[in-house]
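Undergrad: Here you go, one structure.
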Amino acid sequence: MDGRREKTNVFCLAVDNKVIIAEVDVAQNPVRVQGDIVYTDPNDVPIAMQYSERFGLHFLISAMGILSGFDITTGTHVVMSKLVPISVEPTNSSLNNSNNNSQCEMTWKITPLEELGNFVRQFDCQFALAIYLSCKSHANAAQIMCELGEFEKVVQYCKMTEYKVPFFEVIRVLAGVNPAGALADPGEIMEIFYQRDLIKELTDVIYDYLTNNDPSISRLQTRYLEILLQNNTQAADFILGKKAFDQYDPPYIASCCEQAGLYHRALEHRTEKPDILRCIVYTNKIPHDFVIAYLHEVTIKVDRLYGYECIKALVKNMTNLNLVEICIRCMAELGASELIEILEQGGMVEGVYLFLQGVASHVQDKDIVFRFIQAAVKMGQFKDVERVVRESNAYDPKQVKDFLKESKGDPQALIIVCDKHDYIEEMIKYLYQNNFHKAIERYCTGYNPKATPKVVGALIDCEANEEFINALLGMVKIKFLEVIVLRKSEFASIKKLQNLLLITAIKAESPKVKDYICRLDNYDGEDVAKFAVIDHIGDIERANDLAVTVNLPSCWTLLAKGELTRDMVEKCISSYIMARRLKEQVIDSELVYSFARTDQLAEIEEFIGQSNLADLQAVGDRCYDEEMYNAARILFNHIGNFGKLTQTLSAQSIRTWKEVYFACVDARQFRLAQMCGVNIVVQVDELATLIDYYTERGHYDEIIQLMEYALRLKHTHMDMFTELGILYSKYKPKKLMEHIKMFHSRINVPQLLGICEANLQWAELCLLHTHYDDFDKAVQKMLEHIDAWSHSQFKDIVIKVTNTEILYRAIDAYLQQHPLLVCDLLTVMSPQLDHSRVVQQLRRKDRLALCKPFLLFVQGSVKPEVPEVNEAVNELYVEEEDVDALRLSIAQYPSFDQLGLARNLEKHHLLRMRRVASLLFTQNKRFAHAVELAKKDKMYQDAMEASAASKDVKVCEELLRFLANDIDENERAGCFAAALYICFEFLTEDIVMEVAWEANLEEYAKPFQVQQRRNSENKINELEKTVMELKKKLEAKEEEEKQAKVTELQQYPPQMTRSQGMVSTMGAPMNQPMNK
């Protein structure tokens, strides 16, 4: 077919008045054609088909005997002929017996299969439906009915077959089938899913359709991204990062990204500078690599000025290290000088230092190098200054020299610059005047001895102390002579050079004299002593000190002569005796040592038994050091040094054991070697030698067995346990953990820590840190290395850390690696946590729901309440639509942003949630808002209770008028009466009767009116009663006052006089009024 040489399989199908011919099993461009069947009788149907290879035609026979031929490659009807009629009657049935006349099932001559239906579906959906119905492929049948718009049939079919339609899948198919038509509006589908909070299901249904990126779906892409940014920022971030959509509204989505905290996605969609600068400062929420890539792109593709502005904004919001990395990555585009300027303007001296640290030694810009030197000096990093001025030539030496002099810091960098660029005289003057004398000495004796003449000239110009200059020259000479004499050159044995070194040391550095005497073997003692005692030291006291220090016979002899010339006879005699004694002592000591070297022990005992001047202690020490233990034993025993005698005896025994031990190891007699070794390992100094002897020969198991056996002995020490741990670490790591658990208190932990880290044994390393009480490092290692982690162990350790930042790093690690255990960890760490910070951390990771048990634990146990925790719990209840739990949480834990929650809930799709919003508005005295919300939802009782809680006559009156006039007529009377009852205290009779009259509700106002009048009468009665009581009290009081006056007159009657007439008791005449 279609010009192919090979044969192919062809599927032919006749249905109604169509014949369908299609290639199968062809991967590329299969032939699929169809032709029209011509019937002479409208009731005729096809009953048989046959392909003729001879004619290349596909023949079809109908029930009425019509033979039709079709071109196999084009489907063209090419021949038609009348044959003998054949009687065939197809049968059919209907979907239901009442109201459906469409043909759905057929009597098949071939077996109906789902695969056949799938093939036919490409050409004829109705015929494919019939196949699906016959083979009971319910899912495909329901789907085709939906595609054909026969939704009522879908419902009937599902009832008949008890098949549950996967509507999400159906909607997904409908969204992709003729989306511009009326089968399914993707926008409506999206809103339905959103209103029911089915975000994940929405993605499954609509995502593939939106990836077509047709301009006509721009609004849908925008709305879908908006929904994701509001409800699932992680999914939105993934889709935006994948760049799956390109038809949405970028500015609007950028705003949504900002609101969702996805500032890096917002930056991808922003083009205006104010918007970019506003977003880029949120560095704690933007991946570091993104910031670098974004700045790189902005600088190259947009404008360098944008890059500078962004860096300036970041200076105020980033740590030095992160900002420095950004500057390094953007240096090629933005320029190093400009970046340094920005960092300096922001006061980031450390940032400048870190930025230039890696480039200053190889850049050629003098200004950049100098700025680095300035920053390094300010940071106190003088070693970096030394490195740069030594390795680089890209700087102005005069400028650097002057700056280093002004800084008055470590002079080494100044020395390098001045020596390199020949400012030696100026340098020496500066160093001398600022008391850097040691620096001058180091320069002459170590850094550049060849410059000594210039140094001396500069010191003379500075009028330096002559003694200082001479001492400096002497030190230079000593360094030169040390190189020649002490380093085994061909001139080392020349007597005059050795004499010169000693004499020069006596002049310049006398503390070194004794060391030189011990190391030199060909000097002239007489000459040195003569110079030291007489010629050089005129002060006899200093000469005596030098003689004691050097302790040579010649020095004591010369000292005695000097004392004799000064008439110091007694001291002169003592000095001569010391000289003689030293001579004899040296001879006797060397004789004893010779006996020891030749193993003449009897001669030693005979000699020391006689009178002698040998220094037996010194000779004994020499013998012990050279392992001549028999001789040392004799000497220490003779002088009574029992401490050294004990050591000698022990060492003598150890040497014997070692010799046997080495022989056994060499002979591979490890059992015997073990018997010897246990006597050696108890000696700290010998343990390393023993272990090395085994390991160098590859006997790892044998040395481990020896050490394990030795630990059972009584006389063990720390090195034994430590070395066994090291052996386990290297050769038997499986035993190391148990060894640490058993003997951690007897192990040198720091030493074993280094071994475990080198061998990557993280679990053992953590255990050692724990036993060493270094819990911070133990936790850090567990977080860094998963094979060291154990949840139970981690919980026990993490509560003991001192650095609380580790706790929050642990939370991040658990959220990423062990999310199901994070609640348990948080509960354990709770007393040490800042719960507000934890909530922020969980919110950033979108893991609040995962940690709900912990949040409930904190909410119920931590006092005082943590508002952020309460808000997080309430947020979860809202997401779960658990209204009862939300109400209980609000009632028990009121410390949170109640108005914020109310504003979020007032537009919630659930009525019960909106009622919670109304309750919150009421509790926060936003009564008008609460009433309006309740009125919109027709929750009139809530509105009445809110109005009553407000105690505001105006609010109650407005609600009453609304209930009497603006609600459904069937509800007016009941609501009006209920409002009168609930708001009774805050309504006046005149207003109520006016509203009732206007709304024709007078009969429902009568109870209110009656109660009001009853209340009025009660108030009047109470008032009358109060007035009567007050009147009675007043009359009683007046009666008491009247009675008091009568009593007073009776006690003090008035008197009469001739001159004045009657007077009162107070002396006033009766004809005059009394003062009251």
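The values are calculated or read from the model by the stated rules, or taken from the named source; none is laboratory data. Predicted model only: the values in this text are computed from it and were never measured. With ideal geometry, Cβ positions are generated from the backbone for all residues, glycine too; neighbour counts draw on all protein chains shown. The protein model used for the area step is the full one, side chains on, heavy atoms only, and it has no ligands, DNA or RNA in it. Shrake-Rupley method; radii C 1.70, N 1.55, O 1.52, S 1.80 Å.
Undergrad: I need the calculated FRET efficiency for the pair residue 25 and residue 59, taking r as the beta carbon distance and R₀ as 22 Å, to the nearest 0.05.
TA: 0.40
Undergrad: I've got another one for you. Provide 249, 884, 384 ordered by accessible surface of protein heavy atoms (probe 1.4 Å), highest first.
TA: My answer, sorted largest first, is 884, 249, 384.
Undergrad: Quick check: net charge around residue 771, other residues with Cβ under 15 Å of its Cβ, Lys/Arg +1 and Asp/Glu -1?
TA: -1
Undergrad: Here is a further query. Which FRET efficiency, nearest 0.05, do residue 82 and residue 126 yield, Cβ-Cβ r, R0 25 Å?
TA: Here the calculated transfer efficiency is 0.25.
Undergrad: Let me ask another. Rounded, prolate or oblate: which fits the stretch 686-731 when a ≥ b ≥ c are the square roots of the eigenvalues of the alpha-carbon gyration tensor, with rounded for a/c under 1.5 and prolate only if a/b beats b/c? Display every interim value, and only then the final one.
TA: Numbers: a/c = 1.69, a/b = 1.57, b/c = 1.08.
Since a/c reaches 1.5 and a/b is larger than b/c, the shape of the stretch 686-731 is classed as prolate.
Undergrad: Checking the table 735/777; 732/781; 200/936; 408/454 against a 25 Å threshold on Cα-Cα, which pairs fail?
TA: 200/936
Undergrad: Within the stretch 678-745, list the trypsin sites (Lys or Arg not before Pro) lying in a DSSP loop whose Cβ has at most 14 other Cβ atoms in a 10 Å radius.
TA: Hits after loop and neighbour filter: 697, 712, 714.
Undergrad: Roughly what would the spin-label model give for residue 912 and residue 114, points 7 Å off Cα along C-beta, in nm?
TA: 4.0 nm
Undergrad: On average, how much accessible surface per residue is there in the stretch 843-910, in Å², for a 1.4 Å probe, leaving out ligands, DNA and RNA?
TA: 51 Å²
Undergrad: With a 1.4 Å probe and all protein chains kept in place, how much accessible area does residue 845 have, in Å² rounded to the nearest 10?
TA: We get 100 Å² for residue 845.
Undergrad: Here is a further query. At residue 40 and residue 949, where each label point lies 7 Å from the Cα along Cα→Cβ, what is the point-to-point distance in nanometres?
TA: 9.0 nm
Undergrad: Scan the stretch 680-735 for GluC sites (Glu not before Pro) in coil per DSSP, keeping those whose Cβ has at most 10 other Cβ atoms within 10 Å, and list them by number. List each step's numbers first, then the result.
TA: Numbers: sites: 686, 696, 702, 708, 723; in loops: 696.
Passing both the DSSP loop test and the Cβ count: 696.
Undergrad: May I ask you to compute the full-extension gain from residue 434 to residue 602, defined as 0.36 nm times their residue separation minus their alpha-carbon distance, rounded to one decimal in nm?
TA: 53.8 nm
Undergrad: Report the full-extension gain for the segment residue 9 to residue 367: residue separation times 0.36 nm, less the Cα-Cα distance, to one decimal in nm.
TA: 120.8 nm
Undergrad: Probe of 1.4 angstrom, ligands and nucleic acids ignored: what's the accessible area per residue over the stretch 701-801, in square angstrom?
TA: The answer is 49 Å² per residue.
Undergrad: On the protein heavy atoms, probe 1.4 angstrom, tell me the percent of accessible surface of the stretch 665-712 carried by carbon and sulfur.
TA: Carbon and sulfur: 41 percent of the exposed surface of the stretch 665-712.
Undergrad: I've got another one for you. How do the peptides 115-125, 255-265 rank, highest first, by the average count of neighbouring beta carbon atoms within 10 Å per residue? Before the final figure, lay out each step's value.
TA: On the way: 115-125: 16.5, 255-265: 20.7.
Per-residue mean Cβ counts within 10 Å order the peptides as 255-265, 115-125.
Undergrad: Quote the accessible area belonging to residue 808 in square angstrom, nearest 10, computed with a 1.4 Å probe and with ligands, DNA and RNA left uncounted.
TA: We get 20 Å² for residue 808.
Undergrad: Roughly how many percent of the accessible protein surface of the stretch 381-474 is carbon and sulfur, given a 1.4 Å probe and a whole-percent answer? Display every interim value, and only then the final one.
TA: Numbers: 2230 of 4730 Å².
Ligands and nucleic acids excluded, carbon and sulfur give 47 percent.
Undergrad: Measuring from label point to label point, each 7 Å out along Cα→Cβ, what is the residue 1003 to residue 711 span in nm?
TA: It works out to 10.1 nm between the two label points.
Undergrad: Which percent of the accessible area of the stretch 976-1015 is formed by carbon and sulfur heavy atoms (probe 1.4 angstrom)?
TA: On the way: 1240 of 2390 Å².
Answer for the stretch 976-1015 is 52 percent, counting heavy atoms of protein chains only.
Undergrad: Here's something else I'd like to know. I need the phi-derived Karplus couplings for the stretch 187-199: 6.51 cos²θ - 1.76 cosθ + 1.60, θ = phi - 60°, integer Hz, Gly and Pro marked x.
TA: x, 5, 4, 4, 5, 4, 5, 5, 4, 9, 6, 9, 6
Undergrad: Residues with beta-carbon under 12 Å from that of residue 985, excluding residue 985: net charge, scoring Lys, Arg +1 and Asp, Glu -1? Before the final figure, lay out the partial values.
TA: Numbers: positive: 951; negative: 952.
That sum, taken over residues with Cβ under 12 Å, equals 0.
Undergrad: Something else now. Once ligands and nucleic acids are excluded and a 1.4 Å probe is used, how much of residue 216 is accessible, expressed in Å² to the nearest 10?
TA: 90 Å²
Undergrad: Moving on to the next point. For the peptides 956-967, 452-463, 1035-1046, what is the packing order when you average, over each peptide's residues, the other Cβ atoms within 10 Å and list the highest mean first?
TA: Highest mean packing first, the order is 956-967, 452-463, 1035-1046.
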